[in-house]
Amino acid sequence: MATAPTSVSHPPSSVPSLAAVPSPAPEPSTRLLIGVLLAVALVPRLLVFFVNENLYGDAVVRTELAERWLRAPHLITAYGDGAYQFGPLHLYLVGIALSVFDREVAGRVVSLLFGVLSVVPLFALTRRLFDWRAGVVAALVFSAWGMHLQFSTTAGSEAVSLFFMLAAFAFYAEGVDENRFAPLFQAALMLNLACALRYDAWMYIPLLCLGLFFSSQDKVAAVTRAVGFGLACLPFPLLWMQGNELMHGDPFYPVKAVEDFHRDWVLSSAGSGAAIGWRAQQLFFWPGVALFTLTPGVGLLGLWGMVKAWKARPDTRWLVAAAAVPAAYFTFRAVVLLNFVPLGRFTVTQLAVVPVFVAFGFWALMGSRGEGARKAVAGVSALLAVVLPVALGLYTFRDDGRLQTSLRPVSPTSTNPVPVMRVADFVKAEVAEKGGALALDTDPNYMDLQVAFFSGLPEERIARVRWDTFRKLMGEARPEVLVRFDQGSLAKDPGVRLEGRTLTLDGVAYEELDGFTAPLHVYRRRP
């Protein structure tokens, strides 16, 4: 972190702290740098890959949908065609991986591949805007980013989407810097792929078009590039909108479904009153997640670098806006409109921009200070960047305390609640491996999805209360084991009678087994 960007001749004299920047050093082999950075990114991700489990980001649901697609491969054209609220490209990628890997590993392998490869566009982007040493700093910061370690080793779409977003930013920066349309066309291609993965990528189409409009004093050229880039970004969004229009009568059907879900989620989280406390919490969500997950030293240097770059480096303003505008938009929805619930994984694209500015922020803040002070700040920031994610990962690993559960979504380690995995392991050994079937209650926290996924049972051997085929599968599969949740729906079913340790479902009695912890209860069918 104590290295300086070589492009310091660009900033004007209004940033006096940059006057202390030493002369640039010769650039080493780019291939060697990228090879080393890929290895550095891979090592910590491999360490957590073998202990992490699919939990957040709808990882298990995405995998199950990818399994359905693999059984009947086709071009997914709409929400109801097999993708639901998820991007179809992720289902294709996980489906292909499922043809090679086990279901518990396939989606995680996809995330690992794209998560590690993300250092390449990040390095290229930072190197172009600043220099190779700033690129190395950004890649090292990214490699130690604890939240991304989880995204890279679980089956959500965040790591995959971020790779394409960083690639789009890198090509976009090349096109603007060299005044060429070919890289902008490549950026548009990457953005199409990102849009096919996650809906939050769609907002970058108008945002980056505006960046091109203000990128040149020649307004004819600026408008031409902005319009051309915008048109090149539209193929997937238009095709997807057409598919949803044909199937559901609304081109924005998936987006509205997601927004309805968030609106209901806000009501259950914040209530219907003024919700002052909840609003205040969301107001500081984005900077808070940046400082916590990127760690305070790195986060502060990166955010300071973005602030200073806005004035000193106009050529980087589009990237600062790419982080600030979406964060402001989602914050406004959460705080003012009360129709959005922010999560750590929603911040990934904006937070990934922060490492680009860490080296610049360091020299803007410390360039005029002595070497001892620079080394101290760099050393403490680097130490925190490594130690804090390790400590957080160990603290949340297989621990179901209230604080641990709250921190787990942004921790390097992602593990399911111990009682849930105990039940899943039992079902896998006593039901799945013996060719049996399972009756499964619903859980308001969706832990029934985790039990089903890790049980290893195929869909046709799980009668889920969550599905409208529950009674049909109960009759066909005649499950010998039943799992009930304390707050589930099964006990409210008119066909269910619960008396002590006996549960009777449609006249069939099940006896509760020992060895399991509430809120889960396991029953075996009475002979």
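The values are calculated or read from the model by the stated rules, or taken from the named source; none is laboratory data. Everything quoted here is computed from the prediction, not taken from an experiment. Please note: Cβ atoms are built from the backbone with ideal geometry, for glycine as well, and neighbour counts cover all protein chains shown. Areas reflect the complete protein model, heavy atoms only, side chains present, ligands, DNA and RNA absent. Shrake-Rupley method; radii C 1.70, N 1.55, O 1.52, S 1.80 Å.
Can you find even one residue in region 84-95 that is without any contact (Cβ under 8 Å) to a residue 24 or more places away in the chain and not hydroxyl-bearing (Ser, Thr, Tyr)?
No, that holds for no residue.
Quick test of your reading of the structure: Val136 fulfils all but one of (1) open to solvent by less than 10 Å² (accessible area, probe 1.4 Å); (2) over 18 Å from the mean Cα position of the chain (by Cα); (3) farther than 30 Å from Asp425 by Cα. Name the failing condition by number.
(1)
Take Phe284 and tell me if it is within 18 Å of the chain's Cα centre (by Cα) and within 30 Å of Ala376 (Cβ to Cβ).
Answer is no for this residue.
Which one of the conditions (1) part of a helix (DSSP H, G or I); (2) surrounded by fewer than 17 Cβ atoms within 10 Å (Cβ to Cβ); (3) at pLDDT below 95 does Val266 fail to meet, given that it meets all the rest?
Here Val266 meets the rest and fails (2).
In region 25-47, what residues are crowded, with 22+ Cβ neighbours inside 10 Å and over 17 Å from Arg133 (Cα atoms)?
Pro44, Arg45
Could you list all residues from region 301-310 that are in contact with a Ser or Thr (Cβ under 8 Å, 6 or more places away or on another chain) and closer than 17 Å to Leu383 by Cα?
Answer for region 301-310, where residues must be in contact with a Ser or Thr (Cβ under 8 Å, 6 or more places away or on another chain) and closer than 17 Å to Leu383 by Cα: just Leu301.
What do you reckon, is Arg525 touching a helix residue (DSSP H, G or I) at 6+ places or on another chain (Cβ under 9 Å), surrounded by 15 or more Cβ atoms within 10 Å (Cβ to Cβ), among the basic types (Lys, Arg) and within 17 Å of Val431 (Cβ to Cβ)?
When the stated conditions are applied, Arg525 does not pass them.
Looking for something in contact (Cβ under 8 Å) with a residue 40 or more places away in the chain, open to solvent by 50 Å² or more (accessible area, probe 1.4 Å) and either among the hydroxyl-bearing types (Ser, Thr, Tyr) or within 25 Å of Trp69 (Cβ to Cβ) (or both) - is there at least one such residue anywhere in region 472-485?
no
Determine if region 410-430 includes at least one residue that is of a type in the set (Gly, Ala, Ser), farther than 25 Å from Val348 by Cβ and either free of Cβ contacts under 8 Å to residues at least 24 places away in the same chain or in contact with a His (Cβ under 6 Å, 6 or more places away or on another chain) (or both). So that I can check it myself, show each step before the final result.
Applying the first criterion (of a type in the set (Gly, Ala, Ser)) to region 410-430 yields 411, 414, 424, 429.
Then drop every residue that is not farther than 25 Å from Val348 by Cβ, which leaves 424, 429.
Filter once more, keeping what is either free of Cβ contacts under 8 Å to residues at least 24 places away in the same chain or in contact with a His (Cβ under 6 Å, 6 or more places away or on another chain) (or both): 429.
Yes, region 410-430 contains a residue that is of a type in the set (Gly, Ala, Ser), farther than 25 Å from Val348 by Cβ and either free of Cβ contacts under 8 Å to residues at least 24 places away in the same chain or in contact with a His (Cβ under 6 Å, 6 or more places away or on another chain) (or both).
Go through region 280-298 and count every residue that is farther than 18 Å from Ala270 by Cα, without any contact (Cβ under 8 Å) to a residue 60 or more places away in the chain and open to solvent by 50 Å² or more (accessible area, probe 1.4 Å).
2
Output the number of residues of region 223-233 satisfying the condition of being of a type in the set (A, V, I, L, M) and either buried (at least 16 other Cβ atoms within 10 Å of the Cβ) or in contact (Cβ under 8 Å) with a residue 40 or more places away in the chain (or both).
The qualifying residues number 2.
Can you confirm whether Ala309 is modelled with pLDDT of 95 or more and more than 18 Å from Cys209 (Cβ to Cβ)?
Considered against the rule, which asks whether it is modelled with pLDDT of 95 or more and more than 18 Å from Cys209 (Cβ to Cβ), Ala309 comes out as yes.
Among the residues of region 389-405, write down those that are of a type in the set (S, T, N, Q) and either closer than 20 Å to Leu449 by Cβ or more than 22 Å from the chain's Cα centre (by Cα) (or both).
Correct list: Thr405 only.
Can you go through Glu460, Glu433 and tell me which one is of a type outside the set (Ser, Thr, Tyr), over 31 Å from the mean Cα position of the chain (by Cα) and part of a helix (DSSP H, G or I)?
Going through Glu460, Glu433 in turn, just one is of a type outside the set (Ser, Thr, Tyr), over 31 Å from the mean Cα position of the chain (by Cα) and part of a helix (DSSP H, G or I): Glu433.
Yes/no per residue for (1) at pLDDT 95 or above; (2) open to solvent by less than 10 Å² (accessible area, probe 1.4 Å); (3) polar (S, T, N, Q):
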residue	(1), (2), (3)
Ala188	yes, yes, no
Asn192	yes, no, yes
Gly211	yes, no, no
Gln217	no, no, yes
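Give me a count of the residues in region 52-81 that are of a type in the set (A, V, I, L, M), within 16 Å of Leu197 (Cα to Cα), in a loop (DSSP other than H, G, I, E, B) and open to solvent by 20 Å² or more (accessible area, probe 1.4 Å).
1
Are there any pairs, at least 6 apart or on different chains, whose C-beta atoms fall under 8 Å, with the first in region 151-167 and open to solvent by 10 Å² or more (accessible area, probe 1.4 Å) and the second assigned to a loop (DSSP other than H, G, I, E, B) and modelled with pLDDT of 95 or more, and if so, which?
So the pair list comes out as Phe163/Ser118; Phe164/Leu197.
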